[in-house]
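*Asks:* I'd like to ask you about the structure that follows.
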């Protein structure tokens with residue numbers, strides 16, 4: 001009986017984790033990013049899902065900030081000071097353009113974009129499989145595509 005309860009708890013926790021990181025219903029990510037920019041935030045270096053909301057790391061007036069965004073409305077719910085982010089290259093492709101390229105290539109349900117020295121790390125889906133991608137920051141070209149583990 002203990003083993004059954006342990007397995008049940010583990011499955012419940014893994015399901016909760018999957019649900020917590022799933023792309024939330026509501027405004028498309030391109031709309032979320034447009035609202036962030038309209039709010040005066042620039043150089044977005046990370047977008048991710050946390051507890052059913054979008055989290056965005058960006059700069060405002062040159063200072064790093066973290067934003068929590070309500071998916072249904074795209075409203076910025078909170079802003080807080082954040083640790084320094086990596087610098088976005090001046091000739092980097094915009095995230096909405098990156099998202100268009102991913103969509104055109106058949107990638108869906110983008111739940112994370114994070115700027116790393118090697119490029120954008122992306123978590124998304126394609127063909128019923130969760131994928132981990134590495135994208136060129138300047139062109140949006142997929143440099144690496146592997147199954148998420």
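No value in this document is a laboratory result; all are computed from the given coordinates. These numbers were taken from a predicted model, which means no experiment stands behind them. Don't worry about glycine lacking a Cβ; one is built from the backbone with ideal geometry, like all the others, and counts go over all protein chains shown.
*Asks:* Mean separation of Cα pairs under 8 Å and 6+ residues apart, divided by the residue count of the range 29-147: what relative contact order is that in percent?
*Replies:* 18 percent
*Asks:* Suppose only helical runs count, i.e. DSSP H with n ≥ 4. What mean residue ellipticity at 222 nm does that imply for the chain under -39500 (n - 2.57) per run, divided by all residues and rounded to the nearest 500 deg cm²/dmol?
*Replies:* Theoretical 222 nm ellipticity from helices: -8500 deg cm²/dmol.
*Asks:* Taking 0.36 nm per residue of sequence separation and subtracting the Cα-Cα distance, how much length would be gained by fully extending the chain between residue 60 and residue 136, in nm to one decimal?
*Replies:* Once the chain is fully extended between residue 60 and residue 136, it gains 24.9 nm.
*Asks:* Ranked by Cβ crowding within 10 angstrom, fewest neighbours first, how are 46, 114, 57, 97 ordered?
*Replies:* 97, 114, 46, 57
*Asks:* Work out, step by step, the length gained on full extension between residue 126 and residue 25: first 0.36 nm times the residue separation, then minus their alpha carbon distance; give nm to one decimal.
*Replies:* Using 0.36 nm per residue and subtracting the Cα-Cα distance, I get 34.5 nm.
*Asks:* Moving on. Radius of gyration and Dmax for the range 29-147's Cα atoms, expressed in Å?
*Replies:* Here Rg and the maximum Cα pair distance are 13.7, 41 Å.
*Asks:* Where does helix 95-104 land angle-wise versus the long Cα axis of the chain, in degrees 0 to 90, nearest 10?
*Replies:* On a 0 to 90 degree scale, this one is about 60.
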